[in-house]
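The values are calculated or read from the model by the stated rules, or taken from the named source; none is laboratory data. On a predicted model such as this, the values are computed, not experimentally measured, just so you know. Here the Cβ positions follow ideal geometry from the backbone for every residue, glycine too, while neighbour counts run over all protein chains shown. Accessible surface areas use protein heavy atoms only, side chains included; no ligands, DNA or RNA. Shrake-Rupley method; radii C 1.70, N 1.55, O 1.52, S 1.80 Å.
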Amino acid sequence: LQLGFGTAGTGRVNTPKKLMDNVSVINLGDSHTGAITKDGSLYMWGWNNYYQISNSIVYYQGVPLKIRGGVKDLNLGTFSSSFITTDGKLYTWGNNWGGQLGTGNKVDRVSPYHILDGVKDASLGGSHGGAITASGNLYMWGYNNVGQIGNGTYVEMLAPNRLKWALKPN
């Protein structure tokens with residue numbers, strides 16, 4: 001289903017097949033896929049077990065489903081998703097077991113939830129997330145059991161927190 005050809009099964013696709021036209025961005029999650037077309041439309045497909053594709057009741061989405069317009073970038077985590085709108089707003093949704101959505105809690109989100117403004121780039125991991133604003137500030141959030149947030153602690157951060165440290169040369 002991650003390939004977007006409409007059926008689930010054990011068959012393999014051994015040759016490339018055209019799926020969509022006018023695609024400007026593609027991103028691959030663990031078991032879901034997203035693409036943005038040149039007009040800013042976001043399409044997604046694949047496994048929807050944590051609503052990481054949409055709030056539809058469909059468990060598997062076998063063909064590209066239009067989610068919304070006005071999108072300039074996206075990043076997909078393990079069972080979570082995010083996109084940045086053309087005006088720099090960051091939205092996240094899907095599985096939130098470690099706070100990786102940055103919503104202030106660990107509640108799964110079935111539809112996109114706005115968490116930060118002025119975003120230039122963002123990324124989701126399996127249990128944490130990060131974003132860079134247009135002014136160059138780095139924000140991190142999520143599970144932090146091995147220090148993956150980089151704030152000098154091992155305490156989870158459930159909402160975006162700006163890191164306030166500077167790198168020192170060796």
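Miscellaneous remarks
- By a 1.4 Å probe calculation restricted to protein chains, residue 128 has an accessible surface near 50 Å², given to the nearest 10.
- Only the Cβ atoms of Lys and Arg (+1) and of Asp and Glu (-1) were treated as charged; on that basis the dipole of the chain about its Cα centre amounts to roughly 160 debye.
- Accessible area expressed per residue, segment 35-170, with surrounding protein chains retained (probe 1.4 Å, Å²): 48 Å²
- The fraction of Cα-Cα pairs per 5 angstrom bin, counted from 0 for segment 1-152, comes to 2, 10, 19, 22, 20, 13, 8, 5, 1, 0 percent, rounded to whole percents.
- Taking a Cβ cut-off of under 15 Å around residue 134, the surrounding Lys, Arg, Asp and Glu residues balance to a net charge of 0, with basic ones at +1 and acidic ones at -1.
- Excluding exposed DSSP-loop trypsin sites (Lys or Arg not before Pro) (at most 14 other C-beta within 10 Å), longest clean stretch of the chain: 39-163
- About its Cα centre, segment 105-170 has a charge dipole of approximately 180 debye under the convention of +1 per Lys or Arg Cβ and -1 per Asp or Glu Cβ, with nothing else charged.
- In percent, rounded to a whole number, the relative contact order of the chain is 15, using alpha-carbon pairs under 8 Å and six or more apart.
- Farthest toward positive dipole pole in the chain [+1 Lys/Arg, -1 Asp/Glu at C-beta], among 52, 20, 147: 20
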